[in-house]
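Colleague: Questions regarding the structure given below will be posed in turn.
The values are calculated or read from the model by the stated rules, or taken from the named source; none is laboratory data. Because the structure is predicted, anything quoted here is derived from the model rather than measured. Methodologically, a virtual Cβ is constructed for each residue, glycine included, from the backbone with ideal geometry; neighbour enumeration extends over all protein chains shown. Just so you know, the surface numbers come from the protein's heavy atoms only, side chains and all, with ligands and any DNA or RNA stripped out. Shrake-Rupley method; radii C 1.70, N 1.55, O 1.52, S 1.80 Å.
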2 protein chains.
Amino acid sequence: MTGAAPSNRVRLVREHKRARYDRGTIDSILDAGLVAHLGFVDRGQPFAIPTLHARVGDLVYVHGSSASRALRAVDGGLPACLTVTHLDGIVLSRSAFEHDINYRSAILLGEMSAVGEEAEKRLALEAFMERLIPGRWAEVRQPSRKELKATSIVVMPIDEASAKVRSGGPDDGDGEDGELDVWAGQIPISTELGEPLPDPALRDGIAVSAAALALVRARRPERSGSR
Amino acid sequence: MTGAAPSNRVRLVREHKRARYDRGTIDSILDAGLVAHLGFVDRGQPFAIPTLHARVGDLVYVHGSSASRALRAVDGGLPACLTVTHLDGIVLSRSAFEHDINYRSAILLGEMSAVGEEAEKRLALEAFMERLIPGRWAEVRQPSRKELKATSIVVMPIDEASAKVRSGGPDDGDGEDGELDVWAGQIPISTELGEPLPDPALRDGIAVSAAALALVRARRPERSGSR
């Protein structure tokens with residue numbers, strides 16, 4: 001465990017050895033995630049909606065019309081939960097009960113609010129894109145005022161946050177189960193990016209996006225140069 | 001769009017071309033997901049918690065103590081949302097605004113309830129494991145009564161459900177943006193399993209899990225035989 005829990009609601013009650021409360025860990029999990037799940041309530045029904053997200057300092061911007069629709073039904077902010085989860089592996093223990101998942105997850109609790117300002121919406125769109133594909137923003141047509149108006153952006157502060165991390169192999173080698181004739185270990189899981197595929201409608205003579213190429217190379221250092 | 005929305009709450013309002021309401025699509029998204037996010041409210045605070053899940057017929061079982069804790073605070077069931085999301089690619093359009101993600105997501109709305117029966121808990125544990133690593137259940141030590149008692153399982157029916165699917169390249173090749181000198185296309189995303197790694201504490205002479213090997217081979221047909 002690193003740091004102290006900012007509130008009781010985010011303090012891990014079970015498996016507290018897996019808890020992390022430091023901003024470095026929380027930010028790195030948020031920033032490495034390609035997608036977040038946003039939890040909120042709309043007319044009494046809880047939702048957990050997948051969405052793009054981007055951290056800008058102490059704020060996390062989220063893309064999405066469902067959340068904006070829920071916000072329109074209330075005055076001011078709406079209680080929400082933003083979660084980013086990475087799967088890193090499957091842990092195969094000797095007993096069914098001790099099987100587990102290696103993962104990193106970050107959870108923010110707080111109030112979400114709608115972004116109304118055109119300039120802040122533009123900043124959020126740039127942050128979504130630059131986080132997914134660094135350098136792409138400068139390659140593409142910038143958003144028009146009409147497009148910005150049609151974009152729904154929601155923002156949450158990083159205030160009450162916690163992370164949960166499990167890594168490594170099984171834990172049951174020491175005890176009685178360690179004597180069983182059962183194979184134990186782990187299966188690593190990774191998210192891989194393939195080579196950029198051109199739009200069939202792409203006009204001739206347009207070079208492949210430098211940002212896309214750089215991203216694919218950066219995410220696969222072990223194979224760079226081999227293709 | 002396939003099928004009809006089972007309720008207004010799950011009907012897609014925007015991007016309705018991406019909606020799927022047929023059970024075949026919904027089940028395949030649920031069954032292929034390694035992790036789900038469970039949305040619910042505990043003492044006024046919405047949560048979206050990553051968890052293992054497994055579909056058994058018309059029910060989805062979910063592993064987790066946070067959800068069970070929330071359930072203990074109410075009589076009967078608790079409104080919940082179960083979401084499984086797969087990322088399949090990044091869509092690079094010619095304009096910032098048209099950038100998108102290829103994905104498949106399934107969302108169930110309904111009431112979750114706690115599983116109390118030992119036999120049903122055992123069935124759910126088996127379903128979690130067999131979905132992650134088919135064949136593993138028969139290889140390992142079965143759960144004891146004490147372990148089953150310590151396991152929190154929650155269940156949700158597949159009743160109000162919808163799926164959302166986006167695939168393919170950018171859509172802006174036809175319009176005015178198609179004339180721009182901007183590369184457009186997609187970057188595929190896939191989830192890859194690595195080779196099984198033995199627990200350093202594994203005793204000598206225990207062969208690698210047949211279930212683990214079969215899983216890794218089945219998930220990577222293009223490489224089978226090459227390692």
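Colleague: All but one of (1) assigned to a loop (DSSP other than H, G, I, E, B); (2) within 7 Å of another protein chain (Cβ to nearest Cβ) hold for A:Pro134; state the number of the condition that does not hold.
Modeller: Every condition holds for A:Pro134 apart from (2).
Colleague: What's the total number of residues in segment B:25-48 that are surrounded by fewer than 15 Cβ atoms within 10 Å (Cβ to Cβ) and more than 25 Å from B:Asp100 (Cα to Cα)?
Modeller: Looking only at that region, the number is 2.
Colleague: Where residues in segment A:7-18 are out of contact with any helix residue (DSSP H, G or I) (no Cβ under 8 Å at 6 or more places or on another chain) and within 14 Å of chain B (Cβ to nearest Cβ), which of them is least open to solvent (accessible area, probe 1.4 Å)?
Modeller: Among them, the one singled out is A:Val10.
Colleague: Something else: Looking at (1) in contact with a Leu (Cβ under 9 Å, 6 or more places away or on another chain); (2) at pLDDT 95 or above, which is the only condition B:Val208 fails?
Modeller: (1)
Colleague: Another question, if that's okay. Kindly indicate whether any position in segment A:146-166 is open to solvent by 40 Å² or more (accessible area, probe 1.4 Å), assigned to a helix (DSSP H, G or I), free of Cβ contacts under 8 Å to residues at least 40 places away in the same chain and not polar (S, T, N, Q).
Modeller: Scanning segment A:146-166, I find at least one residue that is open to solvent by 40 Å² or more (accessible area, probe 1.4 Å), assigned to a helix (DSSP H, G or I), free of Cβ contacts under 8 Å to residues at least 40 places away in the same chain and not polar (S, T, N, Q), so the answer is yes.
Colleague: Could you tell me how many of the residues in segment B:108-122 are buried (at least 16 other Cβ atoms within 10 Å of the Cβ) and assigned to a helix (DSSP H, G or I)?
Modeller: Counting residues in segment B:108-122 that are buried (at least 16 other Cβ atoms within 10 Å of the Cβ) and assigned to a helix (DSSP H, G or I) gives 3.
Per-residue answers, yes or no, for (1) within 23 Å of B:Asp159 (Cβ to Cβ); (2) hydrophobic (A, V, I, L, M, F, W, C); (3) surrounded by fewer than 22 Cβ atoms within 10 Å (Cβ to Cβ):
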site	(1), (2), (3)
B:His53	yes, no, no
B:Val56	yes, yes, yes
B:Leu59	yes, yes, yes
B:Ala70	yes, yes, no
B:Leu82	yes, yes, no
B:Ile90	no, yes, no
B:Arg94	no, no, no
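Colleague: May I ask you to say which residue of B:Ser105, B:Ser144, B:Ser65 is among the hydroxyl-bearing types (Ser, Thr, Tyr) and under 20 Å from B:Thr191 (Cβ atoms)?
Modeller: Of B:Ser105, B:Ser144, B:Ser65, the one residue that is among the hydroxyl-bearing types (Ser, Thr, Tyr) and under 20 Å from B:Thr191 (Cβ atoms) is B:Ser105.
Colleague: If you don't mind, another one. Those residues that are in a loop (DSSP other than H, G, I, E, B), open to solvent by less than 60 Å² (accessible area, probe 1.4 Å), at the interface with chain A (Cβ under 7 Å from one of its Cβ atoms) and of a type outside the set (Asp, Glu), I need them from segment B:170-207; list them, please.
Modeller: Selection gives B:Pro170, B:Gly173, B:Leu180, B:Val182, B:Trp183, B:Ala184, B:Gly194, B:Pro196, B:Ala201, B:Leu202, B:Ile206.
Colleague: Within segment B:33-64, work out how many residues are over 30 Å from A:Glu160 (Cβ atoms) and either touching a Phe, Trp or Tyr at 6+ places or on another chain (Cβ under 7 Å) or modelled with pLDDT under 95 (or both).
Modeller: Residues in segment B:33-64 being over 30 Å from A:Glu160 (Cβ atoms) and either touching a Phe, Trp or Tyr at 6+ places or on another chain (Cβ under 7 Å) or modelled with pLDDT under 95 (or both): 1 in total.
Colleague: Within segment B:185-203, how many residues are over 23 Å from the mean Cα position of the chain (by Cα) and free of Cβ contacts under 8 Å to residues at least 40 places away in the same chain?
Modeller: 7
Colleague: Hey, A:Val74 hits all of (1) within 11 Å of chain B (Cβ to nearest Cβ); (2) open to solvent by 10 Å² or more (accessible area, probe 1.4 Å); (3) more than 10 Å from the chain's Cα centre (by Cα) but one; which does it fall short on?
Modeller: (1)
Colleague: Could you list, in sequence order, the residues of segment B:19-59 that are more than 10 Å from chain A (Cβ to nearest Cβ), under 17 Å from the mean Cα position of the chain (by Cα) and either of a type in the set (Phe, Trp, Tyr) or part of a strand (DSSP E or B) (or both)?
Modeller: B:Arg20, B:Tyr21, B:His53, B:Ala54, B:Arg55, B:Val56, B:Leu59
Colleague: Name, by its number, the condition in (1) of a type outside the set (A, V, I, L, M, F, W, C); (2) assigned to a strand (DSSP E or B); (3) open to solvent by 50 Å² or more (accessible area, probe 1.4 Å) that does not hold for A:Tyr103.
Modeller: (3)
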